[in-house]
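Undergrad: Questions regarding the structure given below will be posed in turn.
The values are calculated or read from the model by the stated rules, or taken from the named source; none is laboratory data. Just so you know, these numbers come straight off a predicted model, no measurement behind them. Backbone-built Cβ (ideal geometry, glycine too); neighbour counts: all protein chains shown. Just the protein is used for accessible areas: all its heavy atoms, side chains included, with ligands, DNA and RNA removed. Shrake-Rupley method; radii C 1.70, N 1.55, O 1.52, S 1.80 Å.
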Amino acid sequence: MRMAMAVTVLVLVLGSASAVVQARKGQWWRAGSTLLPVLGVAVMLFGGVERGITSLFWLGCLLVLAGFGAEAAAYWRTRTPGSRQAGR
């Protein structure tokens, strides 16, 4: 149990540090796409997985899905039209 908690906290700290670096660069959607899934997994591990499916498990799933949505938004914002890529 302690090992799982230590791994979860380590992943949460590393993910938060990565999100802070992205936010300092002004890439807010990237920061959200990094932090939200990490928070979702932490919530799922702390509250939902070991004790059966609870509301914390579903909250974690929602955070992970929100992170994937933020990743899609970050991709969409950085995508350039084909004519601009060709140098026209």
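Undergrad: Confirm whether Gly60 is part of a helix (DSSP H, G or I), more than 20 Å from Met5 (Cβ to Cβ) and open to solvent by less than 50 Å² (accessible area, probe 1.4 Å).
TA: The answer is no for Gly60.
Undergrad: If only one of Leu36, Leu10 is in a helix (DSSP H, G or I) and either under 14 Å from the mean Cα position of the chain (by Cα) or among the small types (Gly, Ala, Ser) (or both), which one is it?
TA: Leu36
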